[in-house]
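These notes concern the structure reproduced below.
The values are calculated or read from the model by the stated rules, or taken from the named source; none is laboratory data. Here the structure is a predicted model, which is why all the values come from computation and not from measurement. For neighbour counting, all protein chains shown are included, and Cβ atoms are generated from backbone atoms with ideal geometry for every residue, glycine included.
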Amino acid sequence: MGFTGEHRDNPESVDAALNHPYSRLTPDHVIDAVESTDRLSDARILALNSYENRVYQVGIEAAEPVIVKFYRPNRWSARQIDEEHRFTRFLFDHEIPVVPPLVINPGHEFPTIGCHDGFLFAIYPRQGGRAPELDNLDHLHQLGRFIGRIHAAGKGFIFEYRVKLSVDQSVGNAAYLLEAGFIPADLEQAYRAISGEVLQAIAQRPPDSHEYSQITLHGDCHMGNVLWRDDCPHFVDFDDCLTGPAIQDLWMLLSGDNHSQQRQMLEIIEGYDMFCSFDQAELRLIEPLRAMRVLHFNAWLARRWDDPAFPQAFPWFNTPRYWSEYILELKELVTGLQQAPLTMPDF
C-alpha cells in the first residue's frame, strides 16, 4: 500500500527504510568491494547523483579515483548486466566515445562484474565532461552523428538477454499505481478514465510495432547521460540499454515549441544519416514514447518508494496535490497524442 508524503516518518516506513537492501551499503562495504578487486582505497568516498543504483567515486592510493556502481538487487540478472557491459566494450572497440567498465574478474564468466555482500557491482574509470548545449545546433548535429554510429554498430550486436521496449510495460505501469494503492480513492475514477485514454492513444501508434525496425539502443539517451569533452559527446550509463525503434535515442534531445523541435531534429537527423539511415516514419512515435516515459517515471517512483533515498529526493511525490496535477498532465499527454506528429518539411 502506498503511503503519502505526510506520513513518511511512521513506524512502517521507518522499518522499510531500515530493512532496505541499500541500508547495508555503508562506506566500509563500498571500500571492501573496491579492495576485493586488488585496488587499495585511500578511504575517500563521494556519493554521486544516482537513485536506481548506488554510484560512488572512490579514491585509490597512487592512482586516479574510480567510479563504482552497485546495481539494484533483483533488477537485472548477471547475464543482462554482462550484455550491457559487452555492448559498451563493443562500441568502445569501434572507436565510439563511450565508457566501458574495467575488467575486475579476469578469466571469469563475467569479467567486469564483481559481487560483494549480495550486491553486483562494476568499476569504471572516472570520466569528466560537461552537459551538451541543446541550443547549439552544432552540438545537436554531432549528437546525431554519434548516435547514428552507435546504431550502425549495434546492428552487429543483437541483444539476447536485455529487455525490449514494449507497450505492455506501459499498461502495467498505469495499473501498478492503482494496484499498489497510490492513487487516492477520490481520484481513482478520473485516473482510470484518463490513463485509459493515454493507453488507447499509444496503442494507435505503438512503438514496438513490427512496422518499425527494432534495433539495439542506448535506451535512456537524455542530457544527463551525455558528457561533452574534447569537442565531442561521450555517452555514459547504458543501464537501460534495450531493443526498440531508433527514435527512442533521439527524441529526448528535443525541447521547445514545434518549430524549435523541427529545427533541432533536422540537425540531429542530418548528422545521424551520415552513418545510419533514419526512417522518418518514426517521427510519429515521439508523442507515444513521451507518454510511455511519463507512465514509467511515476510507476518507477512508486515501486521505489520503500527506498529511503526516494522520499528524500522526491518529497513532492505521492501527495494528494501531486496526483491531482498528474491527472492534468495525463490530459495534456492525450492532447499531444491527438496532434499531428512532428514532420521534417525542409529535410
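What to note about this one:
- Some residue of segment 155-171 being of a type in the set (Gly, Ala, Ser), under 27 Å from Lys331 (Cβ atoms) and in a helix (DSSP H, G or I): yes
- Counted residues, segment 46-73 - those being touching a residue at least 60 places away in the same chain (Cβ under 8 Å) and loosely packed, with under 12 Cβ neighbours inside 10 Å: 1
- Any chance Arg290 is in contact (Cβ under 8 Å) with a residue 12 or more places away in the chain, of a type in the set (Lys, Arg) and under 23 Å from Pro125 (Cβ atoms): no
- Taking the conditions (1) closer than 28 Å to Trp251 by Cα; (2) at pLDDT 95 or above; (3) touching a helix residue (DSSP H, G or I) at 6+ places or on another chain (Cβ under 6 Å) in turn, Glu133 satisfies each one other than (2).
- Filter result for Gly118 (in contact with a helix residue (DSSP H, G or I) (Cβ under 9 Å, 6 or more places away or on another chain), surrounded by 18 or more Cβ atoms within 10 Å (Cβ to Cβ) and touching a residue at least 24 places away in the same chain (Cβ under 8 Å)): no
- Restricting Ile104, Ile123, Ile113, Ile147 to those that are farther than 30 Å from Asp32 by Cβ, of a type in the set (A, V, I, L, M) and in contact (Cβ under 8 Å) with a residue 12 or more places away in the chain reduces the list to Ile147.
- Boolean, Leu266 is more than 13 Å from Leu143 (Cα to Cα) and surrounded by 16 or more Cβ atoms within 10 Å (Cβ to Cβ): no
- Listing of helices (runs of 4 or more DSSP H) fully contained in segment 1-108 that carry 1 or more residues being in contact with a strand residue (DSSP E or B) (Cβ under 9 Å, 6 or more places away or on another chain) and at pLDDT 95 or above: 27-35, 78-93
- Leading residue by the ranking (farthest from Ser213 (Cα to Cα)) among those in segment 270-282 that are of a type in the set (A, V, I, L, M, F, W, C) and surrounded by fewer than 20 Cβ atoms within 10 Å (Cβ to Cβ): Met274
- Total residues in segment 244-263, condition in contact with a Leu (Cβ under 6 Å, 6 or more places away or on another chain) and among the acidic types (Asp, Glu): 1
- Boolean, Gly144 is of a type in the set (Gly, Ala, Ser) and assigned to a loop (DSSP other than H, G, I, E, B): no
- Contact annotation: residue pairs with Cβ atoms under 6 Å, 6 or more positions apart or on different chains, pairing a residue in segment 314-335 that is surrounded by fewer than 16 Cβ atoms within 10 Å (Cβ to Cβ) with a partner that is at pLDDT below 95 and not in a loop (DSSP other than H, G, I, E, B), are Thr319/Gly5.
- Qualifying residue in segment 213-220 (condition: more than 24 Å from Pro125 (Cα to Cα) and surrounded by fewer than 16 Cβ atoms within 10 Å (Cβ to Cβ)): yes
- Residue match in segment 148-163 (condition: within 28 Å of Ala302 (Cα to Cα) and hydroxyl-bearing (Ser, Thr, Tyr)): yes
- Every residue from segment 300-328 that is among the charged types (D, E, K, R) and under 21 Å from the mean Cα position of the chain (by Cα): Arg303, Arg304, Asp306, Asp307
- Residue in segment 289-299 that is crowded, with 20+ Cβ neighbours inside 10 Å and more than 16 Å from the chain's Cα centre (by Cα) present: no
- The residues on offer are Leu165, Leu177, Leu199, and the sole one that is in contact with a strand residue (DSSP E or B) (Cβ under 7 Å, 6 or more places away or on another chain) and buried (at least 17 other Cβ atoms within 10 Å of the Cβ) is Leu165.
- When we screen His94, His85, His139, His151 for residues that are surrounded by 18 or more Cβ atoms within 10 Å (Cβ to Cβ) and touching a helix residue (DSSP H, G or I) at 6+ places or on another chain (Cβ under 8 Å), the only hit is His151.
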